[in-house]
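Student: I'd like to ask you about the structure that follows.
The values are calculated or read from the model by the stated rules, or taken from the named source; none is laboratory data. All values reported here derive from a predicted model rather than from experimental measurement. Glycine gets a Cβ as well: all are built from the backbone with ideal geometry, and neighbour counts include every protein chain shown. For accessibility, only protein heavy atoms count, side chains too; no ligands or nucleic acids. Shrake-Rupley method; radii C 1.70, N 1.55, O 1.52, S 1.80 Å.
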Amino acid sequence: MTVRIYSDRFSETEKDQGRTGRIGMAADKDKDIIDGDFREVEDSAEQNQEESGSENVNQNPGDADHPDHEHYCMMCHRPESKTGKQIEIPGGMYICTDCMQKGFEAMQNTNMNEMISRLPPNIGMIDLSGLGFGMPAQDHKKKEKHEKQAKKLTLKDVPKPHVIKEKLDEYVIGQEHAKKVMSVAVYNHYKRILQTPEQMQDGTEIEKSNMLMIGPTGSGKTYLVQTLAKLLDVPLAITDATSLTEAGYIGDDIESVVSKLLAAADNDVERAQHGIIFIDEIDKIAKKKNTSQRDVSGEAVQQGLLKLLEGSEVEVPVGATSKNAMAPLETVDTRNILFICGGAFPDLENVIRERLNRTSSMGFQAELKDRYDEDPDILQKVTNEDLRAFGMIPEFIGRLPIVFSLESLTEDMLVKILKEPRNAILKQYQKLLALDEVKLVFDDGALHAIAKKALEKDTGARALRAIIEDFMLDIMYEIPRDDNIGEVIVTKEYVEHTGGPKIILRGQEVPGTEIQS
């Protein structure tokens, strides 16, 4: 391709004949050149491409439209798998919606006449489609989907309730009732959505059973759902309700929870419609009390979630948290999506105690008002009446028919959490020191001392790692210094900061040797 830049030293007659001071694009390099002062500028990139015999994908639109290929944005060079569907513009180029929106905003904030006046003199229009802008070749193949993702889910792939619970037992300590409820509910849900047409001919329609999980912080609510999704190999989206607001206000739109599920399913709508959405911190959208302002993050969010929980077709922005983000929309049917809501519900215990104390009476053998003050599992007695008093609207509670509570963690449960699960915290630290060829051992007294400290913090199992990190700092810092150390025994005294750990050298035992903390 030849770019001819004509100078302005032509006569007025020559200019009238069309040889003005513009940039002309000549498609044929061998065309006769009219006399005059001009320069021929060869596009080196295209010349090298023609000499090497390589093919330009933009000149072969059929290659770019191949189902195994994806387009790239000419501005940000992101593939279509990241930006969503792109817009084709003349010249075989593509642009994403984000760059298109930024271009519109730049044009609105720019004085076009002023921009044109800043151009060099004697410069006219340029055909940009032939320049290429160094765009990446659009013959990149799309990422191949995982074989498991491509496989259609069938009822044979869903494990039975007792199998689900056995797998959960390997990762989660205690919470027997919660694991049993979740196992049965999930199995029934997938039996419902994986029915064959022959099984649906009797006209009986099984309704969806969403779940509401109540439990103190650190009791394993999120971990239960994460483990469950791994066992079933279905898309899982974990979001929290604190960022959700009513449509039109600052914050995430309610449909963004489905958008996250769609992203977890690699934008596969059919696979996302069989997934699980876990909405954490659901207690934070309770109806505000004694307020004169509009409750845009409380009751309004509950009302907006009703259509998702019940099941409806919603327009979901792809890769965005708001419909106003100039992002492409996908229609997702939520009738077969399992919703699990979880929250700590602080002060719900007081609501339950107030209800239970109404039945107390006076006299001999009467129930005392302080009977439930020290009950650690009072959340197990929760009812829909208590949730309404807490601030959840009746319509929202009605769409979560399965309500269950998790038990408060005891000292013995915390000790088991430390050592029994497949990825227990102690096993993680033992593996860290094993990489330095050092054996790490915890005696029973140290485990109970750690559990007691965790109970004092009142943050559940999350406190265990913080406590272990505190006293393991000196061990992980000092032990790699000495290659003769072969074993470290963490004692109760070391955990309570009244002594040090015992160390054993390689090949011999040195009793009483301690690392000073």
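Student: Looking at D474, D458, D482, D436 in this structure, which one is open to solvent by 50 Å² or more (accessible area, probe 1.4 Å) and touching a Ser or Thr at 6+ places or on another chain (Cβ under 8 Å)?
Tutor: Among D474, D458, D482, D436, only D474 is open to solvent by 50 Å² or more (accessible area, probe 1.4 Å) and touching a Ser or Thr at 6+ places or on another chain (Cβ under 8 Å).
Student: Let me ask something additional. What's the number of the only condition in (1) within 34 Å of the chain's Cα centre (by Cα); (2) open to solvent by 30 Å² or more (accessible area, probe 1.4 Å); (3) at pLDDT below 55 that I123 fails to meet?
Tutor: Every condition holds for I123 apart from (1).
Student: Additional query: Counting only residues that are open to solvent by 20 Å² or more (accessible area, probe 1.4 Å) and modelled with pLDDT under 80, how many does the stretch 295-326 have?
Tutor: Total meeting the criteria: 11.
Student: Okay, next question. Which residues, counting only those in the stretch 200-229, are under 17 Å from H274 (Cβ atoms) and modelled with pLDDT under 85?
Tutor: Hits for the stretch 200-229 are M200, I206, E207, K208, A229.
Student: Just checking, does the stretch 376-389 include any residue being more than 28 Å from the chain's Cα centre (by Cα), under 30 Å from I285 (Cα atoms), surrounded by fewer than 17 Cβ atoms within 10 Å (Cβ to Cβ) and at pLDDT below 85?
Tutor: So far as the stretch 376-389 goes, yes, one or more of its residues are more than 28 Å from the chain's Cα centre (by Cα), under 30 Å from I285 (Cα atoms), surrounded by fewer than 17 Cβ atoms within 10 Å (Cβ to Cβ) and at pLDDT below 85.
Residues checked against (1) open to solvent by less than 50 Å² (accessible area, probe 1.4 Å); (2) more than 36 Å from the chain's Cα centre (by Cα); (3) under 30 Å from A264 (Cβ atoms); (4) modelled with pLDDT of 65 or more:
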| residue | (1), (2), (3), (4) |
| --- | --- |
| A64 | yes, no, yes, no |
| S81 | no, no, yes, yes |
| I87 | no, no, yes, yes |
| D127 | no, yes, no, no |
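Student: From the set of residues in the stretch 485-506 that are aliphatic (A, V, I, L, M) and surrounded by 15 or more Cβ atoms within 10 Å (Cβ to Cβ), which is nearest to E437 (Cα to Cα)?
Tutor: By that ranking, first place goes to I485.
Student: Of everything in the stretch 237-265 that's open to solvent by 40 Å² or more (accessible area, probe 1.4 Å) and aliphatic (A, V, I, L, M), which residue is modelled with the lowest pLDDT?
Tutor: A247
Student: Here's another thing I want to ask about it. Being in contact with a strand residue (DSSP E or B) (Cβ under 7 Å, 6 or more places away or on another chain) and farther than 30 Å from F339 by Cα is the filter; apply it to the stretch 402-433 and report the residue that is most open to solvent (accessible area, probe 1.4 Å).
Tutor: Checked the stretch 402-433; the qualifying residue most open to solvent (accessible area, probe 1.4 Å) is Q430.
Student: Give me the pairs, please: first residue somewhere in the stretch 455-470 and under 14 Å from K416 (Cα atoms) and of a type outside the set (K, R), second residue anywhere and open to solvent by less than 90 Å² (accessible area, probe 1.4 Å) and modelled with pLDDT of 90 or more, beta-carbon distance under 6 Å, and either six or more positions apart or on two chains.
Tutor: A461/I417; L464/I425; L464/A454
Student: Out of (1) open to solvent by less than 30 Å² (accessible area, probe 1.4 Å); (2) in contact with a helix residue (DSSP H, G or I) (Cβ under 6 Å, 6 or more places away or on another chain); (3) modelled with pLDDT under 85; (4) not aromatic (F, W, Y), the odd one out for L232 is which?
Tutor: Here L232 meets the rest and fails (2).
Student: Okay, next question. Of all residues in the stretch 399-442, how many are more than 30 Å from L305 (Cα to Cα), in contact with a Gly (Cβ under 7 Å, 6 or more places away or on another chain) and charged (D, E, K, R)?
Tutor: Within the stretch 399-442, residues that are more than 30 Å from L305 (Cα to Cα), in contact with a Gly (Cβ under 7 Å, 6 or more places away or on another chain) and charged (D, E, K, R) number 1.
Student: To continue, here is another question. List, please: which pairs have Cβ atoms under 8 Å, are six or more places apart or on different chains, and start with a residue in the stretch 375-389 that is without any contact (Cβ under 8 Å) to a residue 12 or more places away in the chain and end with one that is hydrophobic (A, V, I, L, M, F, W, C)?
Tutor: From residues that are without any contact (Cβ under 8 Å) to a residue 12 or more places away in the chain, the pairs are R388/I397.
Student: Do any residues in the stretch 189-207 that are within 19 Å of K156 (Cα to Cα) have Cβ atoms under 6 Å from those of residues that are open to solvent by less than 100 Å² (accessible area, probe 1.4 Å) and modelled with pLDDT under 80, where the two are at least six apart or on different chains, and which pairs are they?
Tutor: Note: pairs meeting the criteria are L194/L155.
Student: Looking at the stretch 427-441, is at least one residue of a type outside the set (D, E) and touching a Lys or Arg at 6+ places or on another chain (Cβ under 6 Å)?
Tutor: no
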